[in-house]
Every structure is written in C-alpha cells, then in structure tokens.
Amino acid sequence: MASFKSSRQSSGGAIYLNGNIYTVASSEWERQPKKAMVVQGGIIIYVGSDEEAKNFYKSGEYEMYDLDGATVLPGIHDVHMHPLESGSEIGGTCELPRDLSPEDMIGLIKKQAPKQKGTNWVLGHGYSIEMMLKHIESGGRST
C-alpha cells in the first residue's frame, strides 16, 4: 500500500483513499462500494467519498494511504478457518463432491483408502454437512 507523503506526525489516524470499500450499511452496498475510509484510534469513523475523507486530513493529523483500487471489507472477519489445512500439501486426500450421498461417499473413501501413502487416514474434504444431516433426519445411519 503506497502512502502519501506527509510532514505531519500521525496521531494514530489513517485515511484510506481510492478503494472499493464494501459495507452493509445500505441496500446498494454491493453495487456502489465506497471509495474512502477514515480510521481514528482503531475505530472506523467515516466511510464514503475520497473528497469527504480528505476533509479529515485538513482538520487533523492523519496518514493517507492510496488503496489503488484494492477491496476492503471493514469489520468482516473469518472466524472459522483452518490455516494448517490451507497451507498444507496434504490438506485433503479425497475430494468429496457436495452432491454425493453419504453412501456414495463411503464408496469413494473405501476406494481411496489403499492409495494413501504413509498413513491409514483418508482426509476427506468438500462434502456437504447439509446433505449429511438430511440423510440422518430421513432415517439413514450416522456414518
């Protein structure tokens, strides 16, 4: 992220310009992302146009950053993640398509089991938990 040069010392405030900032503050959020965001003391105090955000710079001590068209999703965090699996080459050894029934999954897992190298584990991924729950609710066994 490139910053604009400033002779002022920052007091912790930051102005982000020239971005695609998505908030859910209005019904038009998806079609009309905002361009600027102002943060002061770790709190977002403004989201809107570049021109309005620049007014904060005139009235206080802020560092300005050019987002260069980058996307910002303020306040949205993925709190359910699997960093080890996503960075691992062995994140999954058996792709289970979402539309597969539990019975078909068992067949696919049995087929993959002998192909595992150095382990007895088959690491399945991609299945639909909704499909599994519907299967159990309809009287199918819990696999």
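The values are calculated or read from the model by the stated rules, or taken from the named source; none is laboratory data. This is a predicted model, so every value here is computed, not measured. Note: ideal-geometry Cβ built from the backbone for every residue, glycine included; neighbour counts use all protein chains shown.
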>> Restricting to region 98-109, count the residues that are surrounded by 12 or more Cβ atoms within 10 Å (Cβ to Cβ) and in a loop (DSSP other than H, G, I, E, B).
In response: 2
> Of all residues in region 106-125, which are out of contact with any Gly (no Cβ under 7 Å at 6 or more places or on another chain) and of a type outside the set (D, E, K, R)?
Replying inline: I106, G107, L108, Q112, A113, P114, Q116, G118, T119, N120, W121, V122
>> Filter region 74-96 down to the residues that are exposed (fewer than 12 other Cβ atoms within 10 Å of the Cβ) and modelled with pLDDT of 85 or more and list them by number.
In response: none
> Limited to region 122-142, what total is found for residues that are within 11 Å of C94 (Cβ to Cβ) and modelled with pLDDT under 85?
Replying inline: 5
>> Quick check on region 24-44. Is at least one of its residues touching a residue at least 60 places away in the same chain (Cβ under 8 Å) and of a type outside the set (S, T, N, Q)?
In response: no
